[in-house]
1. Looking at segment 55-97, which of its residues are assigned to a strand (DSSP E or B) and either touching a Phe, Trp or Tyr at 6+ places or on another chain (Cβ under 8 Å) or over 18 Å from L129 (Cα atoms) (or both)?
2. Looking at segment 202-224, can you tell me whether even one residue there is part of a strand (DSSP E or B), surrounded by 15 or more Cβ atoms within 10 Å (Cβ to Cβ), in contact with a strand residue (DSSP E or B) (Cβ under 6 Å, 6 or more places away or on another chain) and of a type in the set (V, I, T)?
3. Mind listing just one residue for me: the one in segment 198-255 that is over 18 Å from the mean Cα position of the chain (by Cα) and among the hydroxyl-bearing types (S, T, Y) and, of those, modelled with the lowest pLDDT?
4. Just name the residue that is farthest from K127 (Cα to Cα) out of those in segment 150-183 that are hydroxyl-bearing (S, T, Y) and at pLDDT below 95.
5. List every residue pair whose Cβ atoms sit under 7 Å apart, with the two residues 6 or more apart in sequence or on different chains, where the first one lies in segment 68-79 and is buried (at least 19 other Cβ atoms within 10 Å of the Cβ) and the second, anywhere, is part of a helix (DSSP H, G or I) and among the hydroxyl-bearing types (S, T, Y).
Amino acid sequence: MKPKKSPIPKWVDFHCHLDLYPDHERLILECDQAEVATLAVTTTPKAWRRNRELAASSRHVRVALGLHPQLVAERESELPLLERFLEETRYVGEVGLDAGPQFYRSFEAQERVFKRVLEACSEQTGKILTVHSVRSVGKVLSHIERLLPTDRGTVVLHWFTGSPSEAKRAVELGCYFSVNSQMLTSAKHRNLVVSLPPDRILTETDGPFVQSEGRPTRPATDIPKTVQTLALLREQSPEQAAAQIISNLRDLVSR
């Protein structure tokens, strides 16, 4: 299925769980009105079609097909459904691995699912994946290196918190990084973000999981604030930072 051509946006939210907000449809409208190119990630394949229907007429919202690693223990049986729907979208996510204490028990199943997702994406080519890598960056990168060559698909590492050496490895593998406001509250992660190549950075909210001023972040409201913070860190004007992120998105989707 050929992706529909997107208008040039003003902002980018490359990872947002729109369907987990109570006003999902209103959020889609907000993204269009504010010209925020938003990737609506899903956590289960069963959620894919309804999300796609709601965003079908949107100018700026695209929907990713996902199977969240934190849900694999209960939802691994939906993997064949993901494979069936895969040809209907260019975007895949949220997928990946989570080795945190709460989810480590399912790690073997997570790896099974993630490896198959990478293989399936490689078979179809041209996919763009937004990938979760909590306490598992090395494993995630190894699977990407082995199963998804750079000429077969592109990975955006969502909320990346790996080491500088892992970041360097990810860059060498052609990965991008999506940055949210919560990441920029930590000196360690601010330094990591500053060290990343400017042409590999996108912005995200990861709403509604990330909070701002006591409420879930929203693309139209909070992405401009994240861009402003990135501009300060990189000693750029907000306009320069925003233009760089839009350029990065255009380069990513033109691959």
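1. Let us first name the residues in segment 55-97 that are assigned to a strand (DSSP E or B), namely 61-63, 65, 91-97.
R62, V63, L65, V95, G96, L97 - these are the residues of segment 55-97 that are assigned to a strand (DSSP E or B) and either touching a Phe, Trp or Tyr at 6+ places or on another chain (Cβ under 8 Å) or over 18 Å from L129 (Cα atoms) (or both).
2. Applying the first criterion (part of a strand (DSSP E or B)) to segment 202-224 yields 202-203, 211-212, 215-216.
Checking the rest, the ones that are also surrounded by 15 or more Cβ atoms within 10 Å (Cβ to Cβ) come to 202-203, 212, 216.
Then keep just the ones that are in contact with a strand residue (DSSP E or B) (Cβ under 6 Å, 6 or more places away or on another chain); that gives 202-203.
Narrowing the set further to residues that are of a type in the set (V, I, T) leaves 203.
Checked segment 202-224: at least one residue is part of a strand (DSSP E or B), surrounded by 15 or more Cβ atoms within 10 Å (Cβ to Cβ), in contact with a strand residue (DSSP E or B) (Cβ under 6 Å, 6 or more places away or on another chain) and of a type in the set (V, I, T).
3. S212
4. Residues of segment 150-183 hydroxyl-bearing (S, T, Y): 150, 154, 161, 163, 165, 176, 178, 181.
Keeping just the survivors that are at pLDDT below 95 gives 150, 161.
On the way: T150: 10, T161: 23 Å.
Filtering first and then ranking leaves T161.
5. V72/S106
The values are calculated or read from the model by the stated rules, or taken from the named source; none is laboratory data. In this text, all values refer to a predicted model and were calculated from it rather than measured experimentally. FYI the Cβ positions are ideal-geometry reconstructions off the backbone, even for glycines, and counts take in every protein chain you see.
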